[in-house]
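In what follows, a structure is listed as structure tokens, so that the remarks can point back to it.
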Amino acid sequence: MASVDFVGLTLALTGAVALAFVATNARVRALEERLGLSVIASSGMPFLLLGALLAWGPVGLMNEGVLADLRPAFEFGLGWIGFLIGMRLDVRRLDEMPASFSGVVATTSVLPMAFTAIVCLPVLLWLGAAPNDGLIRNVAILSACAAASAPVLGAAASASRRMLKEVTGFDELVAICVLGAVTLLYRPDQALTLWSLPPSVWLLLMLGLGALLGILGYALIRAAHTEAEEFAKLVGVVALASGVAGYMALSVPVLCAIAGATLINLPMRDREGLLETLDSITRPLYLVFLVVVGATWNGLAWQGWVLAFAYAVARMAGTWLGCAWASRLDPVSLPVPRDLVAALAPQSPFAVVVIVAATTGWVGERAVASQWTVTAVVIGAVLLDIMVRPLRQRGTSSPDSPAVAV
Amino acid sequence: MIRGAVLLCLVLAVALGARSFLPDDAEITGSGATLAVGLMLLASLQAGHVTEALKLPHVTAYILAGILIGPDVLGLLTPAMLEDLSVVKSVAVGLIALLAGCELNLRALAPRLKEIGLLSVSGLLGGFFALFAALFAVSYLLPFGDGMSPVERGMVALVCANAMCAFSPPVVIGILTEARSKGPMSELWISIVVLADIAIVLSFSMTSSVAHVVLGGSSEPGQLLGVLAHILGSLVVGAVVGPILALYIDRIGERVGLFVFAALFVIAQAGVPLHVDPLLVGLTAGLFLENMSPVSGHRVIEETEAGSLPTFAVFFALIGAEIHLADFMAVAPFALLLAVSRAGGLFGGVLALGRVSGADERTRQLVPFGMLPQAGIAIALATAIKGTFQPWGPQVATLLLGTIVVNELIGPVVFRLAVGRSGEAGHRHDHPLAEHAPHAPVEASASPQR
């Protein structure tokens with residue numbers, strides 16, 4: 001890499017790091033809320049735009065070479081976020097949920113997915129996406145992104161709030177499942193690898209590998225002598241899981257989520273402490289991650305903006321219908337439909353992780369339409385935030401309003 | 001120990017399985033650097049558990065784990081992976097130096113500066129002359145000296161002896177941290193190895209310039225100026241980074257550890273094009289924090305402690321993985337001879353010449369142990385000799401690297417014993433939280449619940 005690239009990268013990283021730290025400052029976040037800027041900030045737009053600016057031709061600081069250098073850190077970031085999502089799946093907490101919980105999760109995640117697929121498929125075709133060039137894959141990934149609602153923050157003070165927290169957590173898991181399925185169905189050319197297995201065996205392998213890494217992580221963490229060693233082993237397990245997944249062309253966040261879910265469900269004290277450890281560095285990591293995403297993002301293609309509008313409308317419609325149905329399933333534990341929509345309509349930042357994991361994990365020549373899907377999810381997040389704002393302002397249970405948790 | 005070994009085997013098995021997916025030369029999903037980090041981290045930490053039972057220091061375990069999983073033994077790490085992780089090494093060196101700077105309170109050390117200086121000089125002189133004599137003799141036994149005049153042999157020995165005097169601040173600080181050692185002897189060890197290494201880098205630039213002239217190579221008059229600019233530049237950058245860190249810690253104070261690592265990452269990336277040495281930058285920044293800023297250096301040590309262990313483990317495993325065993329075996333007897341000469345020279349120098357420093361006998365007996373370990377700087381200087389001096393450079397570099405391997409493996413073990421003998425091990429109690437493992441099984445913890 002040329003010296004100028006290094007200097008550029010240094011400046012770029014300094015900017016990204018400084019911005020990430022400023023953005024995570026409590027006072028800055030309070031100011032965002034006061035000025036009403038949280039819509040854009042929660043979508044991570046400033047970071048995406050910074051990345052896009054740094055990769056922009058005349059600036060050209062984050063070029064292909066630099067991005068290749070950052071790939072290990074990027075992979076680790078994907079794994080860390082996936083691991084955190086998996087660790088939120090504590091099956092013991094499900095026992096405390098009402099019987100209607102699974103139905104609520106199904107309606108609030110599957111209906112937005114279905115609406116997104118139904119609307120985005122013809123839109124993609126109309127925009128010129130070739131049917132035999134990853135069309136179904138792109139639609140499936142957009143659907144996965146549509147499933148994930150922004151996590152509800154804060155303490156679970158009421159039953160409805162607790163229910164909402166769990167629902168949003170499970171929505172992200174649905175997205176993980178779809179992402180995993182897509183990765184298994186679209187494997188790299190077997191001639192390039194030493195293993196030749198059908199997708200069903202890859203499924204078993206991914207589940208088994210994830211579970212094994214979770215158990216291994218559990219055994220390693222239990223054997224730690226100090227808190228510092230515990231943290232080091234946690235980092236090591238996430239890095240190993242991310243590395244194994246990346247190396248074997250499996251989805252990094254999916255494998256890490258399986259490992260995280262396995263780990264958290266084994267008998268261990270102070271689970272919350274472990275989650276806090278993961279959570280404490282997730283937001284800065286996520287924001288720096290967005291800069292890298294921004295650098296690979298082609299937001300100028302008009303097709304992406306059209307798809308974003310279609311995606312946002314479809315997801316909003318699906319969420320609305322899903323919430324109305326869910327409220328019928330459990331009118332006691334859930335808030336009124338309008339408040340439920342206000343809580344679940346904002347898209348989870350994890351959707352950006354899903355779309356990026358899917359597009360960067362694409363082996364072979366990437367379809368042009370996959371760039372449009374990134375724009376759809378990124379811009380769609382902002383559009384959804386704008387759409388839901390009037391509902392929030394008129395809402396009756398403001399404490400349930402969601403915020404960015406990643 | 002058995003549980004540690006079983007878990008280590010499991011980690012290796014997972015990595016072995018994953019590595020079998022692709023041919024060695026295939027890179028369809030990147031180089032696998034993330035896999036390498038996870039593997040090195042877990043394998044080295046588990047190796048630490050295994051060697052703990054053998055009373056060996058963790059640093060040695062990390063290096064051995066690196067050798068085990070490196071390209072020359074199990075081959076789980078490829079050269080491409082190691083190359084991609086060079087930034088981790090720079091971050092680790094920066095962190096180690098920063099922590100060293102944070103440990104050094106110059107006001108407290110001021111009365112001992114004469115002692116530190118004279119002990120360093122006596123050790124360096126003893127080591128240098130012993131190495132010079134050994135290298136001069138070896139030049140008659142190995143092919144690299146064929147056809148050289150005695151003067152030329154002397155110049156080769158001069159340059160190489162200078163390089164081989166280098167110490168290893170990272171290993172010394174790593175072992176002192178591991179042993180939770182604190183006290184005058186620990187401060188003395190850190191001060192000597194840090195200050196002496198700066199002197200060695202400076203003197204190397206001069207001896208190599210002279211060697212260029214005598215041996216008929218291309219003389220580079222600007223080389224010395226370049227080195228001086230490099231050192232001064234690093235100090236200036238460190239003097240800028242220090243106040244930035246102090247300002248952040250003082251005014252914002254959130255996620256300090258993460259911020260420090262982010263800053264070190266930026267320094268590591270900038271180091272190559274700007275010719276800035278992360279060691280000197282980190283050291284200057286650390287000295288500023290501890291001695292000139294309102295922020296205590298110990299706060300930085302505490303805040304970065306969680307991240308220090310994984311960084312150190314990966315760094316030392318990387319050093320181990322980069323050892324070329326085949327090359328080492330070819331020169332092993334001579335490397336051993338040089339290592340013994342070096343050790344003898346260091347001990348002889350400090351014990352004999354160190355009297356003038358005013359240090360008591362016990363101090364003079366213990367100080368040379370901290371000078372035994374070698375790693376990063378010595379490797380960098382040996383690599384510089386390999387690339388600079390033709391045709392003998394590559395052959396001599398193999399010998400020098402072999403000697404460094406011996407010092408890498410034996411130095412930490414011996415130094416750890418000396419730390420125990422100093423009576424300062426276990427005297428650092430400024431991180432009580434790190435003593436506990438909150439997710440350990442109930443029976444292993446003192447408190448029943450957290």
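The values are calculated or read from the model by the stated rules, or taken from the named source; none is laboratory data. Since this is a predicted model, take the numbers as computed values, not measurements. Cβ: placed from backbone, ideal geometry, glycine included. Neighbour counts: every protein chain shown.
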Inset, instruction - Check A:ARG283 against each of (1) assigned to a helix (DSSP H, G or I); (2) among the charged types (D, E, K, R); (3) surrounded by fewer than 20 Cβ atoms within 10 Å (Cβ to Cβ); (4) at the interface with chain B (Cβ under 7 Å from one of its Cβ atoms) and name the one condition it does not meet. - result: (4)
Legend entry - Qualifying positions in region A:199-247 - surrounded by fewer than 24 Cβ atoms within 10 Å (Cβ to Cβ) and among the polar types (S, T, N, Q): A:SER200, A:THR226
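Yes/no matrix, rows are residues, columns are (1) within 14 Å of chain A (Cβ to nearest Cβ); (2) free of Cβ contacts under 8 Å to residues at least 60 places away in the same chain; (3) of a type in the set (Ser, Thr, Tyr):
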residue: B:VAL50; (1), (2), (3): yes, yes, no
residue: B:LEU56; (1), (2), (3): no, no, no
residue: B:ILE69; (1), (2), (3): yes, no, no
residue: B:VAL73; (1), (2), (3): no, no, no
Legend entry - Search result, residues across region A:208-247 that are aliphatic (A, V, I, L, M), under 17 Å from A:LEU78 (Cβ atoms) and in contact (Cβ under 8 Å) with a residue 12 or more places away in the chain: A:LEU209, A:LEU213, A:LEU234, A:VAL237, A:VAL238, A:ALA239, A:LEU240, A:ALA241, A:VAL244, A:ALA245
Legend entry - B:PRO23 vs. criteria within 11 Å of another protein chain (Cβ to nearest Cβ) and part of a loop (DSSP other than H, G, I, E, B): yes
Inset, instruction - Taking only region A:193-204 into account, find how many residues are without any contact (Cβ under 8 Å) to a residue 12 or more places away in the chain and part of a helix (DSSP H, G or I). - result: 3
Inset, instruction - Residues that are touching a Pro at 6+ places or on another chain (Cβ under 8 Å): find the helices (runs of 4 or more DSSP H) completely inside region B:106-181 holding 1 or more of those. - result: B:113-138, B:169-178
Legend entry - Matching residues in region B:324-335 - criterion: being in contact with a Ser or Thr (Cβ under 8 Å, 6 or more places away or on another chain) and surrounded by fewer than 19 Cβ atoms within 10 Å (Cβ to Cβ): B:ASP327, B:ALA330
Inset, instruction - Answer with yes or no whether B:GLY282 is under 20 Å from B:ARG255 (Cα atoms), touching a residue at least 40 places away in the same chain (Cβ under 8 Å) and surrounded by 23 or more Cβ atoms within 10 Å (Cβ to Cβ). - result: yes
Inset, instruction - For region A:217-233, enumerate the residues that are at pLDDT below 90 and more than 7 Å from chain B (Cβ to nearest Cβ). - result: none
Legend entry - Tally of residues being at the interface with chain B (Cβ under 10 Å from one of its Cβ atoms) and under 17 Å from A:VAL353 (Cβ atoms) across region A:240-279: 6
Legend entry - Count of residues meeting criterion [at pLDDT below 90, surrounded by 21 or more Cβ atoms within 10 Å (Cβ to Cβ) and among the aliphatic types (A, V, I, L, M)] in region A:289-323: 5
Legend entry - Checklist (1) in a helix (DSSP H, G or I); (2) surrounded by fewer than 20 Cβ atoms within 10 Å (Cβ to Cβ) applied to B:ALA61, failing item: (2)
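Yes/no per residue for (1) surrounded by 15 or more Cβ atoms within 10 Å (Cβ to Cβ); (2) at pLDDT 85 or above:
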position	(1), (2)
A:LEU94	no, no
A:PRO112	yes, yes
A:ALA129	yes, no
A:ASN132	no, no
A:ALA155	no, no
A:SER158	no, no
A:ARG162	yes, no
A:VAL178	yes, yes
Inset, instruction - Report yes if some residue within region B:330-340 is in contact (Cβ under 8 Å) with a residue 60 or more places away in the chain, away from chain A (no Cβ under 14 Å) and more than 29 Å from B:GLU83 (Cβ to Cβ); otherwise report no. - result: yes
Legend entry - Near pairs, Cβ below 6 angstrom, 6+ apart or cross-chain, from region A:69-93 (closer than 28 Å to A:ASP270 by Cα) to any residue that is in a loop (DSSP other than H, G, I, E, B): A:VAL91/A:ASN265
Legend entry - Looking only at region B:249-262, and only at residues there that are out of contact with any Gly (no Cβ under 7 Å at 6 or more places or on another chain) and assigned to a helix (DSSP H, G or I), the one that is farthest from the other protein chains (Cβ to nearest Cβ): B:ASP250
Legend entry - Odd one out for B:LEU202, checked against (1) assigned to a helix (DSSP H, G or I); (2) of a type in the set (A, V, I, L, M, F, W, C); (3) modelled with pLDDT of 85 or more: (3)
Inset, instruction - Could you tell me whether region A:240-251 includes any residue that is hydroxyl-bearing (Ser, Thr, Tyr) and in contact with a Phe, Trp or Tyr (Cβ under 9 Å, 6 or more places away or on another chain)? - result: yes
Inset, instruction - State whether one or more residues within region B:280-299 are touching a Phe, Trp or Tyr at 6+ places or on another chain (Cβ under 7 Å) and within 14 Å of another protein chain (Cβ to nearest Cβ). - result: no
Legend entry - Given (1) at pLDDT 85 or above; (2) away from chain A (no Cβ under 11 Å); (3) part of a helix (DSSP H, G or I); (4) out of contact with any Leu (no Cβ under 7 Å at 6 or more places or on another chain), number of the condition B:LEU8 does not satisfy: (2)
